[in-house]
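Trainee: Right, I'll just put the structure down here and ask away after.
The values are calculated or read from the model by the stated rules, or taken from the named source; none is laboratory data. Values in this document were obtained by computation on a predicted structure and should not be read as measured data. Cβ atoms come from the backbone with ideal geometry, glycine included; neighbour counts cover every protein chain shown. Note: areas computed on protein heavy atoms with side chains; ligands, DNA, RNA excluded. Shrake-Rupley method; radii C 1.70, N 1.55, O 1.52, S 1.80 Å.
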Amino acid sequence: MSTSTSKPMGGGASGDRVTPSSSSKGKKEKIPLSTHLIAGGVAGLAEALACHPLDTIKVRMQLSKSRKLKGLKPLGFFATGRQIAARETPLGLYKGLGAVISGIVPKMAIRFASFETYKGWLSSPDGKISPSATFLAGLGAGATEAVAVVTPMEVIKIRLQAQQHSLADPLDVPRYRNAAHAAFTIVREEGLSTLYRGVSLTALRQATNQGVNFTAYQQFKKWAFEFQPQYKESAVLPSWQTMILGLVSGAMGPFSNAPIDTIKTRIQKASHVPGETAMSRLVKVTSDMFKNEGAKAFYKGITPRVLRVAPGQAIVFTVYERVKKLIDYAKGSNLGAEYEE
């Protein structure tokens, strides 16, 4: 039987695509970086629009101190959401969305592109990768996105979300009017380094999140194909299954690093104190939380965070893979509709 090879449409930068009849049958074609960027950006935008109110509730719960100091029971998830909507209008749940959207495209592009890069470095010569290597690639991707995009974005987002002003009252003027104004004000008053406050904790949180997330998702997907061999040839799972796999894998990360996220939020919300080092700030925030609020304070906001991250990952993986599939078909080639393992 004859063999044939062909260049993927769009140029040869991605490598040769081997047809099923080739002696190299089974070799996966490298997906162009542009596909990861576009699909990841669209997926991130969909996640932000759908899940941002849950993130605002989480941040408010993590920052809440006044009720504890007054001897009152802290507000729960639904009560916090109702309070924000009542005092600040329902649009108050979307405070900080501008900062998220402005960073979501590069964040997702860096996440998927860096994961592919690290995964390629850690793969065996035949292209296979172990779960432990997948976890390491996820760790690297999470740390990379944290340093490049997430930390400055979150500092701005948290400052905006922490403002308890009514969007219905034009006379109630907040300190930060929008994401751009917040970034300008923070840099002018506190210095550029403030945008990278909590970068170590953010990198640790993102690294563990993506390490757990990518490893669990790809393992679950592998099992799904094993139990449903009818989907192996097309390498495409139904969207509802992709959502379930993303939901479960997305829920696992927050439970592994909730204290890190809460401490990070407190540090990034605080204003700059002259002479304070990153380590002294970390020790002060952590000790104050434990002394004044108890160990439970480190898990504040875990409910809205899981409700935010888990469906967020379900949306990200489902939209990412659907958009990638559409891009592949639009280019006239089928590079693999599903996210390659």
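Trainee: Out of curiosity, is residue 138 more than 25 Å from residue 62 (Cα to Cα) and within 15 Å of the chain's Cα centre (by Cα)? If you could, list the steps in order and put the result at the bottom.
Mentor: Values: more than 25 Å from residue 62 (Cα to Cα): yes; within 15 Å of the chain's Cα centre (by Cα): yes.
Yes, satisfied.
Trainee: Provide a single number: the residues in region 241-279 that are more than 14 Å from the chain's Cα centre (by Cα) and farther than 30 Å from residue 227 by Cα.
Mentor: The total comes to 21.
Trainee: Now, a different point. Would you mind finding the one in 303, 286, 265 that is open to solvent by 60 Å² or more (accessible area, probe 1.4 Å) and either closer than 22 Å to residue 204 by Cβ or among the polar types (S, T, N, Q) (or both)?
Mentor: On the way: 286 fails: open to solvent by 60 Å² or more (accessible area, probe 1.4 Å); 265 fails: open to solvent by 60 Å² or more (accessible area, probe 1.4 Å).
Among 303, 286, 265, only 303 is open to solvent by 60 Å² or more (accessible area, probe 1.4 Å) and either closer than 22 Å to residue 204 by Cβ or among the polar types (S, T, N, Q) (or both).
Trainee: Out of the residues in region 81-118 meeting the condition of being farther than 19 Å from residue 184 by Cα and of a type in the set (D, E, K, R), tell me which one is modelled with the lowest pLDDT. It would help to see each step written out before you state the result.
Mentor: The first filter runs over region 81-118 and keeps only residues farther than 19 Å from residue 184 by Cα, leaving 81-94, 104-118.
Next cut, of a type in the set (D, E, K, R) only: 82, 87-88, 107, 111, 116.
Working: 82: 92, 87: 88, 88: 89, 107: 85, 111: 89, 116: 81.
So the residue we want is 116.
Residue-by-condition table, conditions (1) loosely packed, with under 14 Cβ neighbours inside 10 Å; (2) hydroxyl-bearing (Ser, Thr, Tyr); (3) modelled with pLDDT under 65:
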| position | (1), (2), (3) |
| --- | --- |
| 25 | yes, no, yes |
| 45 | no, no, no |
| 61 | no, no, no |
| 72 | yes, no, no |
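Trainee: A further question on this structure: Could you count how many residues in region 198-237 are surrounded by fewer than 19 Cβ atoms within 10 Å (Cβ to Cβ) and either in contact with a strand residue (DSSP E or B) (Cβ under 6 Å, 6 or more places away or on another chain) or of a type in the set (Phe, Trp, Tyr) (or both)?
Mentor: Number satisfying all stated conditions: 5.
Trainee: Further question: Would it be correct to say that residue 140 is in contact with a Phe, Trp or Tyr (Cβ under 6 Å, 6 or more places away or on another chain), within 28 Å of residue 40 (Cα to Cα) and surrounded by fewer than 21 Cβ atoms within 10 Å (Cβ to Cβ)? Spell out the reasoning first.
Mentor: On the way: in contact with a Phe, Trp or Tyr (Cβ under 6 Å, 6 or more places away or on another chain): yes; within 28 Å of residue 40 (Cα to Cα): yes; surrounded by fewer than 21 Cβ atoms within 10 Å (Cβ to Cβ): yes.
Yes; evaluated as a whole, the condition is true for this residue.
Trainee: Is region 75-91 home to any residue that is touching a helix residue (DSSP H, G or I) at 6+ places or on another chain (Cβ under 7 Å) and open to solvent by 60 Å² or more (accessible area, probe 1.4 Å)?
Mentor: Let us first name the residues in region 75-91 that are touching a helix residue (DSSP H, G or I) at 6+ places or on another chain (Cβ under 7 Å), namely 75, 77, 80-81, 84-85.
Those left that are additionally open to solvent by 60 Å² or more (accessible area, probe 1.4 Å): none.
No.
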